Amino acid sequence: MNALALYGRYVVISLRAQAQYPAATLLLTVGHCAATAIEILGVFALFDRFGPIGGWSFGEAALFYALVNIMFSIADLLTRGFEVFGADFVRTGAFDRVLLRPRAAALQLAGHEVRLSRLGRLLQALAVLILASRLVPIDWDAAAVATAVWAVAGGVALFVGILVLQATLAFWTVESLEVVNVLTYGGVQAAQYPLNIYPAWFRRLLTFGLPLACVAYYPVLAILKRPDPLGAPDWLLPLAPLAGFAFLALSFLAWRAGIARYASTGS
Amino acid sequence: MQSVRPYLAAFRTRFQLMLQYRAAALAGFATQCWWGAIRIMVFAAFYGVHAAAAPISLADAITYIWLGQALLALLPWLADPEIGQAVRTGGVGYDRLRPLDAYGFWYARTLGWMLARAVPRAVLMLLAAGIVLPLVGLGAWAWRPPSGMAAALLFLPAFVLMTALAAAVLMLANIVVAASLNERGVNAVLTPLVIVFSGSLLPLDFFPDALRPFLHVQPFAGLVDIPFRIYFADLGGGAALQGLALQAGWTVVLVGLGRLAMERMMRRLEMQGG
Amino acid sequence: MLQILVEALAKTYRVAERAPGLAGAVRGLVRRRWREVHALVDVSFSLEAGELLAFIGPNGAGKSTTVKILSGILRPTSGRVEVGGLVPYEDRVRHVARIGVVFGQRSQLWWDLPVLDGFDLLADIYRVDPAHYRRRRDELVAMLRLEPLLGQPVRQLSLGQRMRAEFAAALLHDPAILFLDEPTIGLDAPSKLAVRAFVRRLNREQGVTVLITTHDMHDVEALAERVIVIGQGRLLADGPFESLRASVLAERRLYIDFAGPAPELEIRGVTVRTRTERSLELAFDPAVIATPKLIAAIATQHAVEDIHVDEPAIEEVITRFYDLHDAREA
């Protein structure tokens, strides 16, 4: 059975297990939706009090918010195994068993658990997307839709890459993994606003260091058919999500190095 | 003193346990610095557009954010994982066998858990945001000291009450977890409620003006909004005393509710045979 | 044909030290101390296909480390390891597809999945041909009497049941080599017997090479012709269990019940270990006085009701061996 088919098997098993507790799963999903939705309340309150900022109205800002939350929620769905890697695999020695199977460790971790409740974030993001489309209003022609899908793909790749890095950290220390939240949740926090409102050094960090701007800012400009207030050339805007894939590739290199280290030091 | 020993012991063991995780402490600190920085940048951007629309000065807003990060561990937004664990492994029954006031014991344990996580981070945050930032010339973005003697003096009881209130909220949450065996469900409700209404997401005055009267008197305001505004004298004199009274009042109510709930749960466990 | 080859294997770990108490915890925040642990030092041995080898040693001796290196999940510090022509830790995926591993008390099956679903998933993971899988699975289910357990989630099984399912899971993909790490630990007596019988069958009838680490000397007695003793990371003995016993304790025991009161005995090479009113437990060295001679010497002089010859308990032999080599628990 090839890797994709095996992944599908893992997903089905995970979903079936959750389907056995429909009430709990629903409750979790609603809860997660509420917990993540409070952020848009904050965004709204600030726009309501201060007015438009950086050339953006609330509706336009909401599009940034929606896309980055969509990207992260999908990545979140795919990477539970990596998220709990330190506590549930390295610390318990269960990773030994993963290595004793003739399959890539990453594949096994990706299929570890697919939590339906993470759709909660996706749901509120989609709601905000609809809201933004009405408020602006956004012209969803073929180009805009394609750009959005492409941006989300790049964004998912970026966030998956970050979470793989978090798991890789666990090979060195099982205790300081919290710091990666700076990149995941912190990244969502930062990118839920249009990035041109931030000071220059931060924007550069989010373009070249952690390429959030490439997946969340530039593609949105293309969708809204606005030139970049900061002057990036128009042809760059749709290509930017490539950076997300590049980041993912680099993360997997680190992951492989981490496994090699695990094999040297045991658990 | 003898009667207090088990509670002190509970507090101390938790504290020691938390100290062991040094890498975790530093990582958590870095995370929170980042968090604070992002939120400050967002505020600064909005203030840059129309500062007059703001209910407090940017300097105060910045101090508010740093205070929030420093004392984040005192925010009762997650039920204590140890309690959830004890429930799942049937440990709850054992607590009944110990010759102690169950609520008091758990309350002390909760306090220990919160303060152990808060103190190291608060100290680090004070060093970084309160001392280092001004030293490197970024004083405009720093955590400022309390605005005057009165504010400083009033902040002390406000801090104590905010901690007591947080423990009371967490206790109630823990008891509901123990009773319902549903830690996730409780957290799903607790987290958004606390984060929004305590003033952790935004200082309460930033929400639409129409909501102000309600927001100022609800129980969670005493967790963050009231004590912080006392700190930079946004709440001064009589208003500050009113704020303290609100914190104290809600603490009493929640402790009372917590004890009642615990009574009922313990009795139910007895009837079920633990 | 050599299937497993281990040459000058060594493994050293660096472990962080932590002082106890509150002061130690605070100091730990500032400075870390390291010490080196030599888990394995110059271990060499080899196995032919179809052999059954028991690996024994005190706790912390290095047995689990050896199994981990052989199964490819741990990289040695130095030395050479080859299993079936592959270097385990360098060719992980190919290597683990050919071996089965059972860890005592730790299950590889998915906790919430019914046993059969777990088997099916493993078949997919190991890419076992479906027809072959079904045959093999049914064979193992029959051999291990798993039929009534197939629909139950693993978490509902008792330890004994789980271990049987574990064995089946480890063999579904028909590995040529089976590593067993303390497989009988915590099992009740019938389950232990069942596991031993199963392993014996596997080895004798199906030619599976088996390497078993164990504390339980009765496992050794029941299964192994060949025994390797590891102590503090070193190989202390490698050979048939009988020669191990002989090298340590060339002693026999004689239990005699007398018709009358137990007499005083003065015979060369004989010590009285226990005396009751009517019986004696004697320890003697058969090299000094042969068993029939000793029996005759006593029976001709005294009225004897019952006689029983035995060897010292295995545990005693092994403990004596560890002591001789200063190899007690690290």
Within chain C: Cβ-based charge dipole about Cα centre, in debye rounded to nearest 20 (Lys, Arg +1; Asp, Glu -1)
1440
With viscosity set to 0.890 mPa s and temperature to 25 °C, compute the Stokes-Einstein D of segment A:163-267, Rh being the Kirkwood radius across alpha carbon pairs; µm²/s, no decimals.
160
Hey, quick one: spin label on A:L242, modelled 7 Å out along Cα-Cβ, who in segment A:114-149 has an amide N within reach, i.e. under 18 Å?
A:147-149
Identify all lysines with a Cα-Cα distance to A:K225 below 22 Å; exclude those on the same chain that are fewer than 8 residues away in sequence.
none
Approximate shape of segment C:146-189 as ellipsoid semi-axes (Cα gyration tensor, √5λ), whole Å, largest first:
19, 15, 7
Using Cα positions and a limit of under 24 Å, work out the lysines in reach of C:K63, with same-chain residues fewer than 8 apart set aside.
C:K11, C:K192
Provide a whole-number value for the mean count of partner chain Cβ atoms within 10 Å of the Cβ atoms in peptide B:116-127.
0
Indicate the residues belonging to segment B:193-209 that lose 20 Å² or more of solvent-accessible heavy-atom surface (probe 1.4 Å) upon moving from the chain alone to the assembly of all protein chains, ignoring ligands and nucleic acids.
B:V196, B:L201, B:L202, B:F206, B:F207, B:P208
Send over a whole-number figure in Å² for the accessible area per residue of segment C:191-275, probe 1.4 Å.
47
Relative to the isolated chain, which residues of segment A:96-110 have their accessible area cut by 30 Å² or more in the presence of all protein chains (1.4 Å probe, heavy atoms, no ligands or nucleic acids)?
A:D96, A:R97, A:L99, A:L100, A:R101, A:P102, A:R103
What is the distance, in nm, between label points placed 7 Å from the Cα along the Cα-to-Cβ direction at C:V15 and at C:H302?
5.1
On alpha carbon coordinates alone, what is the Rg over Rh value for chain A, Rh being the Kirkwood radius?
0.99
When the helix-only estimate is applied to the protein assembly as shown (DSSP H runs of n ≥ 4, each -39,500 (n - 2.57), divided by the residue count), what is the mean residue ellipticity at 222 nm, nearest 500 deg cm²/dmol?
-18000 deg cm²/dmol
Measure nothing fancy, just the Cα-based angle from helix B:5-20's long axis to the longest principal axis of chain B, in degrees from 0 to 90, nearest 10.
60
Please report the relative contact order for chain C, taking Cα pairs under 8 Å with a sequence separation of at least 6, and give it as a percent rounded to a whole number.
19
Output row A,B: buried area (accessible, probe 1.4 Å, summed both chains) in Å², nearest hundred, equals 3200
Sites A:Y185 and C:R145 - FRET efficiency at Förster radius 41 Å, r taken between beta-carbons, to 0.05:
0.20
Cα gyration tensor of chain B diagonalised, 5x eigenvalues square-rooted, in angstrom largest first, produces semi-axes 35, 21, 17
Share antiparallel - DSSP beta bridges, the protein assembly as shown, percent rounded to 5:
70
If one takes the longest principal axis of the Cα atoms in chain A, at what angle in degrees, from 0 to 90 and to the nearest 10, does the Cα axis of helix A:119-135 lie?
10
What per residue convex hull volume, in Å³, do the alpha-carbon atoms of the protein assembly as shown yield?
225
Calculate, for A:R261 and B:L241, the FRET efficiency according to 1/(1 + (r/R0)^6) with r their C-beta to C-beta distance and R0 45 Å; round to the nearest 0.05.
0.15
Over the heavy atoms of C:H218, what accessible area does a 1.4 Å probe trace out, to the nearest 10 Å²?
90
Semi-axes of the equivalent ellipsoid for segment B:107-175, please: Cα gyration tensor eigenvalues, times 5, square-rooted, ordered largest first, whole Å.
29, 16, 8
Of all accessible surface on segment C:36-137 at a 1.4 Å probe, what whole percent is carbon and sulfur?
46
Give, ordered by residue number, each residue of segment A:150-196 whose 1.4 Å probe accessible area is reduced by a minimum of 20 Å² on adding the remaining protein chains to the chain alone.
A:E175, A:S176, A:E178, A:V179, A:V182, A:G186, A:Q189, A:Y193
Taking all protein chains together and a probe of 1.4 Å, list C:E7, B:E183, C:E205 from the most accessible to the least accessible.
C:E205, C:E7, B:E183
Quick check for you: with a 1.4 Å probe and neighbouring chains kept, what is the accessible area per residue of chain A, in Å²?
38
Among C:P153, C:V15, C:A262, the residue whose Cα sits farthest towards the positive end of the charge dipole of chain C (+1 at Cβ of Lys and Arg, -1 at Cβ of Asp and Glu, taken about the Cα centre) is C:V15
I need to check one value: relative contact order of segment C:176-330, counting alpha carbon pairs closer than 8 Å and at least 6 residues apart, in percent.
21
Taking R0 as 51 Å, what's the FRET efficiency between C:D138 and C:E264 from their Cβ-Cβ distance, rounded to 0.05?
0.20
What does the charge dipole of the protein assembly as shown about its Cα centre add up to, to the nearest 20 debye, if the Cβ of each Lys and Arg holds +1 and the Cβ of each Asp and Glu holds -1?
1580
How would you classify segment C:160-225 from its alpha-carbon gyration tensor, with a ≥ b ≥ c the square roots of the eigenvalues: rounded for a/c under 1.5, else prolate if a/b is greater than b/c, otherwise oblate?
oblate
What number, in percent, do you get for the relative contact order of segment C:117-202 if the mean sequence gap of Cα pairs under 8 Å and at least 6 apart is divided by its residue count?
33
For segment A:69-120, what does the convex hull of the Cα positions come to per residue, in cubic angstrom?
68
Rounded to the nearest 20 Debye, what is the dipole magnitude of chain B about its Cα centre when Lys and Arg each give +1 and Asp and Glu each give -1 at the C-beta?
720
Can you sort A:R16, B:R109 by solvent-accessible area, 1.4 Å probe, largest first?
A:R16, B:R109
Once Lys and Arg get +1 and Asp and Glu get -1 on their Cβ, which of A:F202, A:V164, A:L177 lies farthest toward the positive end of the dipole of segment A:151-267?
A:F202
For B:L257 and B:A59, compute 0.36 nm times the residue count separating them, minus their Cα-Cα distance, and round to one decimal in nm.
67.4 nm
Roll a 1.4 angstrom probe over the protein heavy atoms and tell me the percent of accessible area of chain A that is carbon or sulfur.
71
Pairwise Cα inverse-distance average, inverted: Kirkwood Rh of chain C (Å):
22.9
By how many nm would the segment from C:A313 to C:E281 lengthen if fully extended, with 0.36 nm per residue of separation less the alpha-carbon distance?
10.1 nm
Please give the Cα centre distance for segment C:198-227 versus segment C:272-301, rounded to the nearest Å.
34
Asked for the total accessible area buried by A and C (1.4 Å probe, Å², nearest 100), one would answer 2300
Positive end of the dipole of the protein assembly as shown, charges at C-beta (+1 Lys, Arg; -1 Asp, Glu), about the Cα centre: which of B:L211, C:P286, C:A297 has its Cα farthest in that direction?
B:L211
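The values are calculated or read from the model by the stated rules, or taken from the named source; none is laboratory data. Quick caveat, the model's predicted, so the values are computed rather than measured. Reconstructed Cβ throughout: ideal geometry from the backbone, glycine too, with neighbour counts over all protein chains shown. These accessible areas exclude ligands, DNA and RNA; they are computed on the full protein's heavy atoms, side chains included. Shrake-Rupley method; radii C 1.70, N 1.55, O 1.52, S 1.80 Å.
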